[in-house]
Amino acid sequence: MSARASPTLASWVVLSAAGALAAVVLGEPALAALGAPFAVAAAAGIALARDPRVRVRASIAPDRMLEGDEAVLTYDVRADGGSEWLDLRALLPVGLVAEPGAAARVLRIAPGDHRLVDVPVRAARWGGHLAGGARVRATGVVGAVWFTGVAPAEAAVRVLPGIERMRTLVAPARTQAAVGPRRSGARGDGLELAEVRPWVPGDHARRLHWRATARRGEPYVAARHPERAADVLIFVDTFADIEGEREGALTLAIRAAAGLAEAHLRVRDRVGVVTFGGVLHWLAPGAGITHALRIADALASSEVVMSYVARDVTVVPPAILPSRALVLAITPLLDERGARALIDLCARGHDVAVIEIDAPALLGGGSDPVTRLWTLRRAAMRARLAELGATTATWDGVRPLESVLEEVTASRRASRLAAHG
């Protein structure tokens with residue numbers, strides 16, 4: 001900690017100097033005696049000043065939360081040399097806020113003792129933050145010298161945007177070979193009846209449908225849909241962001257990704273995440289509570305990093321993109337590199353559904369030539385994705401995300417019916 005003179009010490013020095021100067025100028029030695037007590041107090045204050053050797057450590061609970069949630073930031077303040085007056089002021093990151101007056105405390109700590117200070121905070125903005133920083137100012141009995149210092153922020157906290165609970169989800173067109181909760185379109189051993197058909201050589205006897213066999217007078221078997229696992233990859237385009245009146249495009253994308261991940265994990269799908277932008281991050285498909293925490297950490301750490309590198313999906317490891325996975329892409333279509341990556345995924349045969357963040361709506365619309373050209377380019381990207389079989393729906397962040405998923409599901413169903421018709 002650094003030491004500096006307090007205002008009290010400065011006033012004592014000024015008064016003692018003023019008395020000595022007045023004695024010299026006016027030729028009255030008695031005036032110097034008026035400033036002598038202040039000089040003695042200043043000298044005593046400097047001689048008695050001792051470094052309190054303050055140490056501050058901080059922790060926050062919980063360390064994962066949603067926007068609007070509350071947490072408690074706890075400071076463990078220890079003064080090996082003791083302090084008669086210690087001023088602790090919490091330095092909060094931009095994503096955390098405290099009530100007025102709650103972030104400043106005045107303490108008295110005996111030598112070798114410690115005090116716990118709780119500061120209630122609220123998550124105001126999503127992202128990864130470091131909390132626990134503090135500005136400390138301490139002094140002794142006389143108060144002539146202040147010892148000041150700044151404690152670093154070392155308590156990590158992850159904040160996710162508020163998510164929407166969804167019951168309607170986009171069903172994958174194909175499932176994996178492993179057993180899971182999803183009804184497969186194939187035929188095999190399962191619970192849900194697919195069809196009743198005549199027996200053919202090779203059918204197992206346990207598949208006989210006795211009621212149809214008795215009615216028709218010849219053997220019939222029941223074909224069923226097996227239960228299989230599904231892999232869902234959430235693809236977040238982080239090449240660019242645009243700030244709207246309420247929320248930015250990246251905030252909406254992370255909020256949608258977090259809600260989709262939570263909903264698919266709840267129905268026991270395996271979920272993976274790829275944030276595709278200037279910096280590439282990925283998380284292999286998985287399930288369970290631990291994996292949900294990993295997804296929350298990955299999404300909370302997402303950010304836009306300026307880059308001119310022409311990335312494509314070949315930089316993503318093959319294990320992250322299972323061949324039969326459903327790819328839920330969330331993109332504002334602001335950067336052609338993100339659109340090209342989605343077009344590449346469609347061309348490789350992946351099952352892709354696109355949730356487009358409505359960037360023009362975030363900006364409040366516009367009819368200038370630049371906006372019209374931008375709108376035409378986005379429409380061309382959307383048409384190219386549709387040609388390759390991807391279903392696209394637009395979300396403005398106002399209407400429920402579940403209605404967008406219903407729109408995607410209806411479009412995919414209509415596309416399948418048209419293909420079979």
Furthest towards positive pole of dipole, A230, I254, H209, structure part segment 195-254, Cβ charges:
H209
Let me make sure I get this right: for segment 328-407, a, b and c are the square roots of the gyration tensor eigenvalues over alpha carbons, sorted descending. Under 1.5 in a/c it's rounded, otherwise prolate if a/b > b/c, else oblate. Which is it?
oblate
Of all accessible heavy-atom area on segment 212-256, the percent that carbon and sulfur account for (1.4 Å)
40 percent
When you count, for each residue, the other Cβ atoms within 10 Å and take the mean per peptide, how do 339-346, 232-239, 285-292 rank with the highest first?
232-239, 339-346, 285-292
In debye, nearest 20: dipole of segment 70-161 around its Cα centre with unit charges on the Cβ of K, R (+) and D, E (-)?
240 debye
Mind listing the long-range amide H neighbours of L91? Cut-off is under 5 Å, sequence gap 5 or more, other chains count too, H placed in the peptide plane at 1.01 Å from N.
G133, A134, R135
Could you run the Karplus curve 6.51 cos²θ - 1.76 cosθ + 1.60 with θ = phi - 60° over segment 67-79 and give me ³J(HN,Hα) per residue in whole Hz, x for Gly and Pro?
4, x, 6, 10, 9, 10, 9, 10, 9, 9, 9, 10, 10
R0 = 56 Å: FRET efficiency of I289 with E218, Cβ-based, nearest 0.05?
0.60
Rounded to the nearest Å, the spacing of the alpha-carbon centers of segment 208-245 and segment 86-100 is 51 Å
How much length would be gained if the chain were fully extended between A17 and D118, taking 0.36 nm per residue of separation minus their Cα-Cα distance, in nm to one decimal?
31.9 nm
Percent of C-alpha pairs per 10 Å bin, segment 100-240, short to long:
8, 19, 15, 12, 10, 11, 9, 7, 5, 2, 0
Full extension between V267 and D63 adds, at 0.36 nm per residue less the Cα distance, a length in nm of 70.9 nm
Can you give me the C-alpha center-to-center distance between segment 267-293 and segment 103-165, rounded to a whole angstrom?
33 Å
With a ≥ b ≥ c from the Cα gyration tensor eigenvalues, square-rooted, and the rule rounded for a/c under 1.5, otherwise prolate when a/b > b/c and oblate otherwise, segment 61-105 is prolate
Placed amide H near T394: partners under 5 Å, 5+ positions off or other chain
E356
Arranged from highest to lowest average of other beta-carbon atoms within 10 Å per residue, in what order do the peptides 326-338, 81-93 appear?
326-338, 81-93
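The values are calculated or read from the model by the stated rules, or taken from the named source; none is laboratory data. Keep in mind that what you see is a predicted model, and the values were worked out from it rather than measured. Ideal geometry is used to build each Cβ from the backbone, glycine not excepted, and the neighbour counts take in all protein chains shown. What goes into the accessible areas is simple: the full protein's heavy atoms, side chains included, and nothing from ligands, DNA or RNA. Shrake-Rupley method; radii C 1.70, N 1.55, O 1.52, S 1.80 Å.
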